[in-house]
1. Hey, can you tell me all the residues within the stretch 90-119 that are of a type outside the set (A, V, I, L, M), in contact with a Ser or Thr (Cβ under 9 Å, 6 or more places away or on another chain) and in a strand (DSSP E or B)?
2. Scan the stretch 133-147 residue by residue and report those that are assigned to a helix (DSSP H, G or I) and open to solvent by 50 Å² or more (accessible area, probe 1.4 Å).
3. Could you figure out which of (1) of a type in the set (S, T, N, Q); (2) in contact (Cβ under 8 Å) with a residue 40 or more places away in the chain; (3) in a loop (DSSP other than H, G, I, E, B) isn't true of N122?
4. Can you tell me which residue is modelled with the highest pLDDT among those in the stretch 165-180 that are open to solvent by less than 80 Å² (accessible area, probe 1.4 Å) and assigned to a helix (DSSP H, G or I)?
5. Being closer than 21 Å to K131 by Cα and part of a helix (DSSP H, G or I) is the filter here; which residues of the stretch 71-89 pass it?
6. Quick one: I120 ticks every box in (1) open to solvent by 20 Å² or more (accessible area, probe 1.4 Å); (2) at pLDDT 75 or above; (3) not acidic (D, E) except a single one, so which number is it?
7. Checking N162 against (1) surrounded by 13 or more Cβ atoms within 10 Å (Cβ to Cβ); (2) on the phi < 0 side of the Ramachandran plot; (3) not hydroxyl-bearing (S, T, Y), only one condition comes out false. Which one?
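The values are calculated or read from the model by the stated rules, or taken from the named source; none is laboratory data. Note that the structure is predicted; figures quoted are calculated from it, not measured. Backbone-built Cβ (ideal geometry, glycine too); neighbour counts: all protein chains shown. Accessible surface areas use protein heavy atoms only, side chains included; no ligands, DNA or RNA. Shrake-Rupley method; radii C 1.70, N 1.55, O 1.52, S 1.80 Å.
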Amino acid sequence: FSIFLPFVKLPATDIGQVEFYFRLKTIDIFSSGYQQDGFLASFLHVNSLGYVYFSGLIFFSLRLITQFIILVRLYLKASKVLASGDRKIVFTGKNHPAFSFMHSVFIGLEDENNKDLEIILNHEKVHIIQKHSVDLLLLELLAIVQWFNPLIWAYRKLVKQNHEYLADRGVVKTGIPGNKYQEVLLGNYKDQIGRASCRERV
């Protein structure tokens, strides 16, 4: 809403005829090179900012496209894809935490034989039902356009965090005891930290 608000035209109030009197200052641009240099410096400054902006725009656009390509490759090279109602469970056979995108849940190698897999699937199911992927896509597009704005990156992080809170609440509402769910979350967190430290040692 805040992005499109400046483009909204509001009706102006007619205040009648107003007369303005002003005098233009005469500048001889041929007697001194100062004005020309000032204009040239301003022109180059504006163009440099434009180059920097579009460079960032291209970089973050390519990053998003790369993420889509990785996602498609995970789906196409999956070891197993199961249909469960209106969603798909994709067993990628790769080492990564479970995540969801649109109507698909992507399960990494470590979670395939996890005894708490059903709880993980319920967590990702909430993301799918509440269409969190749409929120994230809109945020990614907004971050591409406003990549220079630090507030958009902070907002993006907070929205992701809020998504996790909503998914946690949705899982607990299904009847899973809160302490049990906390154990699962803590176990997955420890596993991710352990895998990260192993990769660092390797």
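1. F91, S100, F101, F106
2. Within the stretch 133-147, the first condition is being assigned to a helix (DSSP H, G or I), and the residues that meet it are 133-145.
Residues satisfying the conditions are V134, D135, L136, L138, L141, V145.
3. Answer for N122: the failing condition is (3).
4. We begin by selecting, within the stretch 165-180, every residue open to solvent by less than 80 Å² (accessible area, probe 1.4 Å); these are 166-168, 170-172, 175-178, 180.
Checking the rest, the ones that are also assigned to a helix (DSSP H, G or I) come to 166-168, 170-172, 178, 180.
Values: L166: 90, A167: 87, D168: 84, G170: 84, V171: 82, V172: 81, G178: 69, K180: 71.
Checked the stretch 165-180; the qualifying residue modelled with the highest pLDDT is L166.
5. L71, V72, L74, Y75
6. Checking I120 against (1) open to solvent by 20 Å² or more (accessible area, probe 1.4 Å); (2) at pLDDT 75 or above; (3) not acidic (D, E), the one that fails is (1).
7. (1)
Results for (1) at pLDDT below 85; (2) under 20 Å from L136 (Cβ atoms), shown as yes or no for each residue.
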residue: L76; (1), (2): no, no
residue: S79; (1), (2): yes, no
residue: A83; (1), (2): yes, no
residue: D86; (1), (2): yes, yes
residue: F91; (1), (2): no, no
residue: K94; (1), (2): yes, no
residue: H103; (1), (2): no, yes
residue: F106; (1), (2): no, yes
